[in-house]
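The values are calculated or read from the model by the stated rules, or taken from the named source; none is laboratory data. It should be emphasised that the depicted structure is a prediction, and the values quoted were computed from it without experimental measurement. Cβ coordinates were reconstructed from backbone atoms using ideal geometry, including for glycine residues, and neighbour counts include every protein chain displayed.
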Amino acid sequence: MHEDPLKKLEPQTTYCNLNATVPVLRLYMDEDADLKPDYRLNRVSLQHLIGMLRSQQDHGWGYYLEVLVFVFWLPSVTSYRVMLRSLDIPRTTVHDMVHRVAKKLLKIKNLVIHFPSHADLENIGNGFARLAGSPAFSRVVGSIDGCQIRIKPPSADAQCYLNRKLFHSVQLQAICDHNGMFMDIFTGYPGSVHDSRVLKNSPLYTQQLYPPEGFYILGDGGYPCLSVPIALITYKEPVCLAVSRRFNHHHAKARSIIELSFGIRKTRWRSIFFKSLEVKPTFAVEVITCCAILHNICVSNGDIM
C-alpha cells in the first residue's frame with residue numbers, strides 16, 4: 001500500500017497536529033501532482049528554495065506552509081482577503097507569512113544573484129559569441145536592460161512614477177549572462193527616470209563593479225556607449241554602412257538574451273508584470289527582487305517556462 005506522504009511530517013508530540021486540509025500543503029505533499037500551474041515552480045525548484053530558506057529555528061510543517069503560501073501568492077499578488085478564502089488561513093496570518101518569507105529571500109539574494117568569478121568569464125564570453133554568431137563577441141560577459149513594472153499610483157509623488165508610456169511604475173535594471181541568469185539587479189527608481197540615469201546612479205556604475213578590464217557588456221540604444229567607468233557597447237540606428245548593419249545584427253542577437261530573461265519572468269508571474277502590483281511601492285521593490293531571485297533558482301534547475 002502506498003504510504004501517505006503527509007505522515008512523514010506528522011509531529012510526534014500531541015500538542016501540534018498537521019492540518020491536512022490546508023490546500024497548498026496537501027498539493028505539495030501529493031508527490032504525483034504537477035505544482036507548476038499553482039506555484040509556477042516545478043517540484044525540484046520548490047524543494048531547492050525550501051532548502052535554501054531553512055534555518056535552525058525552522059521546525060515542523062509550519063515552515064513548509066509559509067514558503068508554499070508565499071509562492072502561491074506570488075503569481076497573483078492578490079489581496080490577502082482573497083487568499084483567506086482560497087487557503088482557509090486568517091488574513092493577518094497570510095500577510096505575515098508573505099512578508100516574512102520575502103525578508104528571508106532578500107537575505108539570500110547575494111548567494112543567488114552575483115557576478116561570476118574570473119574563471120567563468122571565458123565560458124560566458126564563448127556563450128555570447130555563440131548567441132551573436134560571431135567570435136568578435138567573445139569578450140562580452142553580460143547584457144543589460146531596463147524594465148518598467150506597473151504599480152498602483154502612490155499617495156505621495158505619484159507624478160514621479162508616471163513613465164513615458166503613461167502608467168505608474170518602478171524601474172528594474174538587470175544584467176544577465178548567456179544563459180539568462182541575472183548577475184546583478186538594481187530596482188526602485190520611479191518610472192519617469194530614463195534608463196541611462198538609472199545606470200549612472202546604480203552601484204554597477206558608481207563603484208565600477210562589472211565588467212572586469214578587457215571585457216564589456218551590451219546594451220540597447222537607450223544607454224550611452226562607454227569605456228569608463230564601465231565598458232558598455234550599444235548600437236545606434238539608422239546606419240548606412242553594410243559593416244555597421246552587420247555589427248548591429250550580431251549585437252542584437254547577443255543582447256536579446258536579457259529580453260528573453262525578462263520574457264520568461266513575465267510569463268511565470270504574469271500578474272506582477274502585466275498588471276499593477278497591489279502593494280505599496282516599498283514592498284513592490286521587494287517583490288520584484290524576490291522574483292529575480294526565484295528566476296535564477298528556476299534557471300539553475302532547468303525549470304524554464
*Please work out which one of (1) within 17 Å of residue 117 (Cβ to Cβ); (2) in contact with a Pro (Cβ under 7 Å, 6 or more places away or on another chain); (3) surrounded by 20 or more Cβ atoms within 10 Å (Cβ to Cβ) is the condition residue 176 fails and give its number.*
(2)
_Test result for residue 168, more than 16 Å from residue 114 (Cα to Cα) and surrounded by 22 or more Cβ atoms within 10 Å (Cβ to Cβ)_ = yes
*Mind checking which residues of segment 156-186 are without any contact (Cβ under 8 Å) to a residue 40 or more places away in the chain and in contact with a Phe, Trp or Tyr (Cβ under 8 Å, 6 or more places away or on another chain)?*
169, 171, 173
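Given the criterion closer than 24 Å to residue 109 by Cβ and at pLDDT 90 or above, identify the matching residue among 49, 74. Spell out how you get there, then give the answer.
Working: 74 fails: at pLDDT 90 or above.
Going through 49, 74 in turn, just one is closer than 24 Å to residue 109 by Cβ and at pLDDT 90 or above: 49.
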*Go through (1) at pLDDT 90 or above; (2) out of contact with any strand residue (DSSP E or B) (no Cβ under 7 Å at 6 or more places or on another chain) one by one and return the number of the condition residue 270 breaks.*
(1)
_All positions within segment 232-267 that are buried (at least 20 other Cβ atoms within 10 Å of the Cβ) and aliphatic (A, V, I, L, M)_ = 232, 254, 257, 258
*Among the residues of segment 77-101, write down those that are surrounded by fewer than 16 Cβ atoms within 10 Å (Cβ to Cβ), of a type in the set (S, T, N, Q) and modelled with pLDDT of 80 or more.*
92
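Output the residues belonging to segment 174-203 that are assigned to a strand (DSSP E or B) and either among the basic types (Lys, Arg) or farther than 24 Å from residue 121 by Cβ (or both).
Initially, segment 174-203 is screened for residues assigned to a strand (DSSP E or B), giving 174-176, 182-190.
187, 188, 189, 190 - these are the residues of segment 174-203 that are assigned to a strand (DSSP E or B) and either among the basic types (Lys, Arg) or farther than 24 Å from residue 121 by Cβ (or both).
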*Could we say that residue 208 is buried (at least 18 other Cβ atoms within 10 Å of the Cβ), farther than 17 Å from residue 110 by Cβ, without any contact (Cβ under 8 Å) to a residue 40 or more places away in the chain and not small (Gly, Ala, Ser) here?*
no
_Checking residue 152 against (1) closer than 30 Å to residue 280 by Cβ; (2) without any contact (Cβ under 8 Å) to a residue 40 or more places away in the chain, the condition it does not meet_ = (2)
